[in-house]
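To start, the structure itself, in structure tokens.
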């Protein structure tokens, strides 16, 4: 892997708690507008610039991206953002409820994405990819790190722990109760040690940020074409802002499903259809079913929970053998009529942090909710290693990386949102 130290804008230490924001894609438009209204100086106002416009305004209009560019320039001009001009690595630790994970913030070569050194496990949606690309072009910056995992390396762990002995740049607890701590690694000998060890990482995996990665890669291709024979390969747009974490430190959480209706089935008909599909259906119960093992699924429908068993027999294929895939193939598709979960408006996806009460509330009296056992990091890496893709919304990771702590300039900005 080619993972280089970066230069970036970053918030003043005293401004970081207010400026750093949740990632842009954890909000719908109303939620983003509410957060930006409550936190007007947060980075989300730049990351989701449509929040400054009336609800009926086109969120993809050119003036929206121009506003992001102008607001970012204001934060540089008023001193909220400082320029860290010495290439360095950063260590980024997130700690909550006794668990912690520490990543290395670096610029990963775009060629590593192209040749499979960095692997994806999800498809991207064109409209979301285009939005992030236009944001990069308007601001001239990559503004949120792509979340990568790599297989654990004992020597890397030693380097990281040694660097964390220094005083941190930032150390604050965010609104979600996550302690955010950042260290700067700038001493030349330490930088070279990190570069050498990162060079030994033969494969990394996108855990979160597929759209940011795809958008940045698209911008890179366009800028390379414009550079033509003048391309050196060291231009900033040839590298992607990433945070790399050891896989063992990451906890993948379930991504649950809610279908808006029962596809015309009454309770008896739904149970019969599930059993005909090879699913074992338990009795009605009031207590939520929170799956504790692979193959166990909770179902909330008709005012009660039931435990479903998908059985032990499953395909050897790394994708087809996932619980989310079996649920789609046996239940969501043939029983509930969800042919394409990417585009069917009857299905929604719920991060497990919301809990079973939220699932029951979303299902209501007419819908069906399914709670799932989480995909493991090993399964995620196996899917990516096989060159396959997971079903949509298969993984949910927390805590999320904060945006706005590292803003990496890759172009002049103001190129026009096209």
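The values are calculated or read from the model by the stated rules, or taken from the named source; none is laboratory data. Note that the structure is predicted; figures quoted are calculated from it, not measured. Cβ: placed from backbone, ideal geometry, glycine included. Neighbour counts: every protein chain shown.
Give me the residue from segment 112-127 that is surrounded by fewer than 19 Cβ atoms within 10 Å (Cβ to Cβ) and either touching a strand residue (DSSP E or B) at 6+ places or on another chain (Cβ under 6 Å) or not in a loop (DSSP other than H, G, I, E, B) (or both) and, out of that set, modelled with the highest pLDDT.
Checking each candidate, the answer is 114.
Just one of 271, 324 is closer than 23 Å to residue 344 by Cβ, surrounded by 12 or more Cβ atoms within 10 Å (Cβ to Cβ) and at pLDDT below 95; which is it?
The conditions single out 324.
Here is a check on your reading of the model: is residue 56 modelled with pLDDT under 95 and either surrounded by fewer than 20 Cβ atoms within 10 Å (Cβ to Cβ) or under 25 Å from the mean Cα position of the chain (by Cα) (or both)?
Judged against the criteria, residue 56 is a match.
Looking only at residues that are crowded, with 19+ Cβ neighbours inside 10 Å and modelled with pLDDT of 95 or more in segment 16-31, which one is nearest to residue 168 (Cα to Cα)?
For segment 16-31, the residue satisfying everything is 16.
Among (1) in a loop (DSSP other than H, G, I, E, B); (2) farther than 18 Å from residue 406 by Cα; (3) in the same structural domain as residue 43 (by TED's automatic domain parsing), where does residue 261 come up short?
(3)
Kindly list the number of the only condition in (1) part of a loop (DSSP other than H, G, I, E, B); (2) surrounded by fewer than 17 Cβ atoms within 10 Å (Cβ to Cβ) that fails for residue 7.
(1)
Among 166, 162, 149, which is the only one that is in a strand (DSSP E or B), in the same structural domain as residue 109 (by TED's automatic domain parsing) and closer than 21 Å to residue 6 by Cα?
Exactly one residue qualifies, and that residue is 149.
With the requirement that a residue be in contact with a strand residue (DSSP E or B) (Cβ under 7 Å, 6 or more places away or on another chain) and over 30 Å from residue 114 (Cβ atoms), what does segment 1-19 give you?
11, 12, 13, 16, 17, 19
I need the full set of residues from segment 68-86 which are part of a strand (DSSP E or B) and under 18 Å from residue 144 (Cα atoms), in order please. Write out each step before concluding.
Of segment 68-86, the ones part of a strand (DSSP E or B) are 81-86.
The answer is 81, 82, 83, 84.
What single numbered condition from (1) within 19 Å of the chain's Cα centre (by Cα); (2) surrounded by fewer than 23 Cβ atoms within 10 Å (Cβ to Cβ); (3) assigned to a strand (DSSP E or B) fails to hold for residue 176?
(3)
Considering each of 228, 233, 218 in turn, give the residue that is surrounded by fewer than 21 Cβ atoms within 10 Å (Cβ to Cβ) and out of contact with any helix residue (DSSP H, G or I) (no Cβ under 9 Å at 6 or more places or on another chain).
Selected residue: 228, the only one of 228, 233, 218 that is surrounded by fewer than 21 Cβ atoms within 10 Å (Cβ to Cβ) and out of contact with any helix residue (DSSP H, G or I) (no Cβ under 9 Å at 6 or more places or on another chain).
Conditions first: (1) closer than 22 Å to residue 377 by Cβ; (2) crowded, with 16+ Cβ neighbours inside 10 Å. Residue 330 passes all but one, so which condition is the exception?
(1)
Considering only residues that are more than 24 Å from the chain's Cα centre (by Cα) and not in a loop (DSSP other than H, G, I, E, B), look in segment 359-418 and name the one that is farthest from residue 317 (Cα to Cα).
The selected residue is 361.
Pull up segment 43-53, narrow it to residues that are assigned to a loop (DSSP other than H, G, I, E, B) and under 19 Å from the mean Cα position of the chain (by Cα), then point me to the one that is farthest from residue 401 (Cα to Cα).
It comes out as 48.
Does residue 369 satisfy being touching a strand residue (DSSP E or B) at 6+ places or on another chain (Cβ under 9 Å), assigned by TED's automatic domain parsing to the domain that holds residue 332 and buried (at least 19 other Cβ atoms within 10 Å of the Cβ)? Steps first, answer last, please.
Values: touching a strand residue (DSSP E or B) at 6+ places or on another chain (Cβ under 9 Å): yes; assigned by TED's automatic domain parsing to the domain that holds residue 332: yes; buried (at least 19 other Cβ atoms within 10 Å of the Cβ): yes.
Yes; evaluated as a whole, the condition is true for this residue.
Just a yes or no: is a residue in segment 330-346 in contact with a strand residue (DSSP E or B) (Cβ under 9 Å, 6 or more places away or on another chain), part of a helix (DSSP H, G or I), at negative phi and modelled with pLDDT under 95?
Among the residues of segment 330-346, not one is in contact with a strand residue (DSSP E or B) (Cβ under 9 Å, 6 or more places away or on another chain), part of a helix (DSSP H, G or I), at negative phi and modelled with pLDDT under 95, which makes the answer no.
Can you find a residue that is crowded, with 19+ Cβ neighbours inside 10 Å, in a helix (DSSP H, G or I) and in contact with a strand residue (DSSP E or B) (Cβ under 7 Å, 6 or more places away or on another chain) anywhere in segment 194-210?
Checking segment 194-210: at least one residue is crowded, with 19+ Cβ neighbours inside 10 Å, in a helix (DSSP H, G or I) and in contact with a strand residue (DSSP E or B) (Cβ under 7 Å, 6 or more places away or on another chain).
Within segment 19-36, how many residues turn out to be more than 15 Å from residue 401 (Cα to Cα), out of contact with any helix residue (DSSP H, G or I) (no Cβ under 6 Å at 6 or more places or on another chain) and assigned to a helix (DSSP H, G or I)?
4
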